[in-house]
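Notes for the one structure printed next.
The values are calculated or read from the model by the stated rules, or taken from the named source; none is laboratory data. Source: prediction; values computed, not measured. Glycine also receives a Cβ, built like all others from the backbone with ideal geometry; neighbour counts cover every protein chain displayed.
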Amino acid sequence: MKDLVAGIDIGSVATKVVVFHQEKGEVLSQAVSSTGVNPKLTAQEVLNKALALGSLSKEDIRIVSTGYGRRCIDFGDKVVTEITSCAKGVTWIVKKGGLSPVRTIIDLGGQDTKIISLDEDGGIRDFVMNDKCAAGTGKFLEVIGSRLGIAVEDLAELAERSTQKITINSTCAVFAETEVISLIAQNKRIEDIVAGIHSSIVERIVNMIRVVGERDSIFFCGGGAKNSSIHKLLEKRLNRRIYLSESIDPQFVVALGAALN
Amino acid sequence: MEKAKVKRPITLLRHISQITFFIFIVFGALFGLKKQHLSLLPFIEAPKEYGEYKSQLRQEGRNIAIVGPGYPQAFDTFLPIKSCRFLRQTGTFRACFMHFLSECIGWATPLRLVLPHVLLFVILAVPFGRLWCGWVCPLGFIQDTLNTMRKTLGLNPHSLSDRIKKSFRGISYGLFVSIILLSVISAVAAFPWTLRKQVYLSICQMCPSRFIFPYLGGWPIVHSFIPFGYGVFTTLSTIFTIFLGMSFFIKRTWCRICPSGLLLSVFNRGGLLNKEKDILKCTRCGICLAVCPLQNENVYLEKSHIKKNRMMELKRDRNIDHKACIHCFRCIDFCPEEGCLKVKFLHIKIFSSRPH
Amino acid sequence: MGYHLVRALEFLCPVCRMADSSKEKIIKGIEEEFEGRYPIRPIAERDDKIEEDLAKGIQKNLELLHRYSRPDHLSYYEEILTTSIRVNELKLAKEEERKIIGIFCNFVPQELLYACDSIPVRLCAGTYETIHPAEEILPRDICPLIKSSLGAKLLGLGYFELCDLVIIPTTCDGKKKLGEILNNLVPVWMLELPQKKDIGSAEGLWFDEIKTLRERLQQFTGNKITGKRLRDSIELLHKRQEVFYRLHRLRRHNPPPINGRDFLLITQTGFYDDIDRWIEKTEGLCDELKHHLQPATHSSPRLLLTGAPIIWPNYKVLNIVEEAGATIVADELCSGTQFLYEPVEPDEWTDEAMLRAIANRYLLPSTCPCFIESSDRIDRLLSLIEEFNIDGVLYHLLRLCQLYDIELYRIRQVLKDRNIPMITIHTDYSQEDIEQIKTRIEAFLEMLSNR
């Protein structure tokens, strides 16, 4: 059994690779790139990038793939789903950071939002994902951002400057877009609209948490965890502290979890 | 080849039991079986002084077979069923418990003689409750036979509405109370003799068995409508016999008002013989209710939302015993869900429903 | 005078009284359901491409199934579902002036249909390809089963084209309005289903409805439903139920001798096929399966399938689940186990008792969410979970089938209290979300294997 494992998380937006030394228990290198239209090729490139960063060779490592494109690649040794990976990754991070055990994970991804409920040992007790519709996912932000002509990364900052509360009623991304257009027509401030979009996502997430039951501690990861506004709104809404990954970039958590296999 | 399967084994068994007991009880004497041979307890002799009424009646020109205090026979009780003492010629058992009670009160029999019989009744009734009605009682068998005749003719059955069912239950209580009251009246010396002799042993006077069994036993009795008191009771017994005859359309009509059954039904709930229903396995198909001869909704409603909300308990096996249940176990025999309905004796499972 | 005498006699005789009152009701109920004064004029055209696509989808299902070693007897069921054998048989039957009667849902008493010498065919459709044509008439936001069924009729596919009559119970809103629309294309009778299923008023209403149906069927087919015929058909269907029950129980075994897709395939062949042949073949299949039971192993997760109906060829979710390594060992689908599970057990063979037994069987044990209360369904699920040793529950939801969706919350809570894992799959007949479903199901199975 090789100790060096590369976890490849081929998501709908970005492909992430983490190379992990299982015996030493440390992350050797990581790389990310947007997935594009050819996930297999992208995965190969990102993996090479990560290997180059850690000056490693492909022969020494095992490859575990996860995410949407987990079955696209033909050079993997094992396939796991992102839910299992995410739980593993978070459990590892929490243990390393010496935090209290996490029982609920919010993984806000590009196309899917997952709420995972863990038991005491870090095993998955229950999980929910959004259905086919994009409500409450990163996609929602992306759609609205592109409609407003704002990059996804800048949305959080904009939202924090909001002064007036706007409620977006539609949960569907397509309908919400229409709603935003009418809000613009009403001369509402962009900041307020963006904040409204954020609270809409948070509401959706909170509903999903309710399904599995909210239990302490709550951990927030996935690409969406980079958005500080959502994090703050969630804390405020759930009225408790929500942990973020500190030792590793939130979007690598799933890839790290895969590498722990 | 698979063995030929009996589709309804319990019902078959019950029919066999019914027929056997019917022959045994109604015609047992023909095979040399007399009550005296089987008696567990001594007979209670009627007080001698009442013998004089016999001759008095003779003087009045009455046939001695008219029920009344002119017929001071030794009496006792054995099985808690409805047989008849007018089965003198052919029957094995001659008395039902209601007759015994009525007679004891009428004669003011001392308690020390009565108690052993009551104890025997309780010993037989506690474990089985109204099982006697469903499996042993010859009157029950006659009603079932009438119903079978209707089935064979292909005529539709008639079911009773809730209101009528409830009023029947009321009649059964009324009947029981009036029988006891009339027996007391016949025992109290302060009442005039003409009244006392007419209400004496009122249970036998109005019982439909008085119409049925003597004819079966080949010893028909005279049904007198005179004087007035006898007339009332003979009319009543005629009505009850017609009522029993209605079990051609309505299953077990007499059982719904039978005072003996009422006594037994005290031991139906909380007795040793219980029926339980696993409410998870029950699919609420309604077969149990449809096949119940007494239309006991208990067997079905035990799963309904009305009861569930009231009880708010999560117990899975629910007791489905009912006052009127005669333990014919048809519900269990017909229930298609494996292990849904169970019969328990002393909380030990005896048998349960199975698919067929 | 004579009238009063008859009245008096009737009053005395409960049977006469009953027969009289039911007759009055029957005469009242026999009018047509729809006035049809404003007919609609759909313009859907038959498109050969659709049939091609349909065949492709079916072929794909079969390919996936053929990857496993399966009992020999299954080829018969595949043949009935995928070829036009049965359709041709029905055409012949039609030439002999037997009526073909289409039915929807699980509430139309097939005993009555067989007793008047007609042939019932269950029409609930699972074809994605026929959805698009139906959207000309029906709104987009309506359950795919309704759209698929209407589309199949608009295109005149197979069994739909053969039906002389369609009987639809008023279950969900979709079915209700489907009746009105279909009535423009083929005669439709609606069976009025009570919304509550208690033994008080609802049972009586439904019983009258069944009586009326008998009367109408006699008129429609010209064959009298005599007591003997009714008894024969009850016994025939009882036999079918017994065989089905045998097959159902075989799935308790670990590993189950048959997978969920094959089981549904068998059940759904029963929608269309000749009942005698189906009984005979299934009998044979059960014998075969019994001889090939394997010793207990620590095998794949055993799942219970519940929720909205899954109908051939829409085996998308089932394919994903069973390809991912789990087996569906029990189901609570109206298109599966619930279709054949309950027997008709008349108290006695009199007319009234038989009809009542039939009426009760179709109404009372139903777990359809169109009734006001869901406890029966939950009880059924819990008892199946126990009986079949279930590891997890798969809740299949068709988008825009609100009834199953509404019951989801309660059921999730009940299962959570009992620590039984459940996964909800929200989907429709289309193929576009296969990857998303795969992720969910694989994650669910990983979760089960780590428990």
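Condition check for C:PHE444 on (1) within 12 Å of chain A (Cβ to nearest Cβ); (2) farther than 25 Å from A:ARG125 by Cβ; (3) crowded, with 19+ Cβ neighbours inside 10 Å: one failure, at (2).
Does B:VAL26 meet the test of being β-branched (Val, Ile, Thr), modelled with pLDDT under 65 and surrounded by 14 or more Cβ atoms within 10 Å (Cβ to Cβ)? Judged against the criteria, B:VAL26 is not a match. Scan the range A:236-253 for residues that are in a helix (DSSP H, G or I) and within 16 Å of A:GLU82 (Cβ to Cβ) and the total you get is 4.
Against the numbered list (1) closer than 17 Å to C:LYS438 by Cβ; (2) assigned by TED's automatic domain parsing to the domain that holds A:LYS16, A:THR84 comes up short only at (2).
Within the group C:GLU407, C:GLU348, C:GLU352, which residue is surrounded by fewer than 21 Cβ atoms within 10 Å (Cβ to Cβ), more than 20 Å from the chain's Cα centre (by Cα) and either charged (D, E, K, R) or at pLDDT 95 or above (or both)?
Going through C:GLU407, C:GLU348, C:GLU352 in turn, just one is surrounded by fewer than 21 Cβ atoms within 10 Å (Cβ to Cβ), more than 20 Å from the chain's Cα centre (by Cα) and either charged (D, E, K, R) or at pLDDT 95 or above (or both): C:GLU348.
The set of residues in the range A:180-209 that are among the aliphatic types (A, V, I, L, M), buried (at least 17 other Cβ atoms within 10 Å of the Cβ) and out of contact with any helix residue (DSSP H, G or I) (no Cβ under 8 Å at 6 or more places or on another chain) contains only A:MET208. Within the range B:149-167, residues that are free of Cβ contacts under 8 Å to residues at least 40 places away in the same chain have Cβ atoms under 6 Å from residues that are part of a loop (DSSP other than H, G, I, E, B) in these pairs: B:LYS151/C:GLU348; B:GLY154/C:THR350; B:ASN156/C:THR350, counting only partners at least 6 apart in sequence or on another chain. All of (1) under 28 Å from A:THR35 (Cβ atoms); (2) in contact (Cβ under 8 Å) with a residue 24 or more places away in the chain; (3) among the hydrophobic types (A, V, I, L, M, F, W, C) hold for A:VAL211 with one exception: (1).
Evaluate the range C:192-202: report whether one residue or more is surrounded by 21 or more Cβ atoms within 10 Å (Cβ to Cβ), not in a loop (DSSP other than H, G, I, E, B) and not aliphatic (A, V, I, L, M). No, the range C:192-202 contains no residue that is surrounded by 21 or more Cβ atoms within 10 Å (Cβ to Cβ), not in a loop (DSSP other than H, G, I, E, B) and not aliphatic (A, V, I, L, M). Evaluating A:GLY196 against the criteria (1) over 30 Å from A:ILE61 (Cα atoms); (2) outside any helix (DSSP H, G or I); (3) in contact (Cβ under 8 Å) with a residue 24 or more places away in the chain leaves one unmet condition, (2). Looking across the range B:172-222 at every residue that is in contact with a Pro (Cβ under 6 Å, 6 or more places away or on another chain) and modelled with pLDDT under 80, the one that is surrounded by the most Cβ atoms within 10 Å (Cβ to Cβ) is identified as B:TYR200. Yes or no: the range C:209-222 includes at least one residue that is within 11 Å of chain B (Cβ to nearest Cβ) and not hydroxyl-bearing (Ser, Thr, Tyr). Looking for residues that are within 11 Å of chain B (Cβ to nearest Cβ) and not hydroxyl-bearing (Ser, Thr, Tyr), one finds none in the range C:209-222, hence no.
Evaluation of C:TYR395 against the conditions (1) more than 10 Å from chain B (Cβ to nearest Cβ); (2) touching an Asp or Glu at 6+ places or on another chain (Cβ under 9 Å) shows that the sole unmet condition is (2).
Does B:LYS275 satisfy the condition of being in contact with a Cys (Cβ under 8 Å, 6 or more places away or on another chain), modelled with pLDDT under 90, not small (Gly, Ala, Ser) and not in a helix (DSSP H, G or I)? Working first, answer last.
Numbers: in contact with a Cys (Cβ under 8 Å, 6 or more places away or on another chain): yes; modelled with pLDDT under 90: no; not small (Gly, Ala, Ser): yes; not in a helix (DSSP H, G or I): yes.
Considered against the rule, which asks whether it is in contact with a Cys (Cβ under 8 Å, 6 or more places away or on another chain), modelled with pLDDT under 90, not small (Gly, Ala, Ser) and not in a helix (DSSP H, G or I), B:LYS275 comes out as no.
All conditions but one from (1) under 25 Å from C:LEU355 (Cα atoms); (2) touching a Ser or Thr at 6+ places or on another chain (Cβ under 7 Å) apply to C:LEU178; the one that does not is (1). Of everything in the range A:7-33 that is more than 15 Å from A:CYS86 (Cα to Cα) and within 15 Å of the chain's Cα centre (by Cα), the residue that is surrounded by the fewest Cβ atoms within 10 Å (Cβ to Cβ) is A:SER33.
Within the range B:66-85, residues that are assigned by TED's automatic domain parsing to the domain that holds B:VAL126 sit with their Cβ atoms under 8 Å from residues that are modelled with pLDDT under 55 and of a type in the set (A, V, I, L, M), at 6+ positions apart or across chains, in these pairs: B:GLY70/B:ILE64; B:TYR71/B:ILE64; B:TYR71/B:ALA65. Scanning the range C:351-375 for residues that are touching a residue at least 60 places away in the same chain (Cβ under 8 Å) and assigned to a helix (DSSP H, G or I) returns C:ASP351, C:GLU352, C:MET354, C:LEU355, C:ARG356, C:ALA357, C:ILE358, C:ALA359, C:ASN360, C:ARG361, C:TYR362, C:LEU363.
B:ILE250 fulfils the conditions (1) at pLDDT 90 or above; (2) outside any helix (DSSP H, G or I); (3) under 14 Å from the mean Cα position of the chain (by Cα) except for a single criterion, (3). Take the conditions away from chain C (no Cβ under 14 Å), under 20 Å from A:GLU203 (Cβ atoms) and buried (at least 16 other Cβ atoms within 10 Å of the Cβ) and apply them to A:GLU177. Does it pass? Here the answer is yes, as A:GLU177 does meet what is asked.
Any chance the range A:163-173 includes a residue that's surrounded by 14 or more Cβ atoms within 10 Å (Cβ to Cβ), modelled with pLDDT under 90 and in a helix (DSSP H, G or I)? Step through it out loud before you land on a result.
Residues of the range A:163-173 surrounded by 14 or more Cβ atoms within 10 Å (Cβ to Cβ): A:166, A:168, A:170-171, A:173.
Keeping just the survivors that are modelled with pLDDT under 90 gives A:166, A:168, A:170-171, A:173.
Among the residues that remain, those that are also in a helix (DSSP H, G or I) are: A:173.
Looking for residues that are surrounded by 14 or more Cβ atoms within 10 Å (Cβ to Cβ), modelled with pLDDT under 90 and in a helix (DSSP H, G or I), one finds at least one in the range A:163-173, hence yes.
One residue stands out among those in the range C:358-376 that are facing another protein chain (nearest Cβ under 10 Å) and of a type in the set (A, V, I, L, M, F, W, C): the one that is nearest to C:TYR114 (Cα to Cα), which is C:ALA359.
If you take the residues in the range C:280-304 that are among the hydrophobic types (A, V, I, L, M, F, W, C) and assigned to a loop (DSSP other than H, G, I, E, B), which one is nearest to the chain's Cα centre (by Cα)?
Here is the first cut: in the range C:280-304, the residues among the hydrophobic types (A, V, I, L, M, F, W, C) are C:285-286, C:289, C:293, C:296, C:303-304.
Subsequent filtering for residues that are assigned to a loop (DSSP other than H, G, I, E, B) retains C:293, C:296.
Numbers: C:LEU293: 29, C:ALA296: 32 Å.
Ranking the qualifying residues of the range C:280-304, first place goes to C:LEU293.
Answer yes if at least one residue in the range A:230-250 is in contact with a Pro (Cβ under 9 Å, 6 or more places away or on another chain) and not assigned by TED's automatic domain parsing to the domain that holds A:THR15, and no otherwise. Yes - at least one qualifying residue is present in the range A:230-250.
In this structure, does C:LEU178 turn out to be touching a helix residue (DSSP H, G or I) at 6+ places or on another chain (Cβ under 6 Å), touching a residue at least 40 places away in the same chain (Cβ under 8 Å) and buried (at least 17 other Cβ atoms within 10 Å of the Cβ)? So C:LEU178 passes the test.
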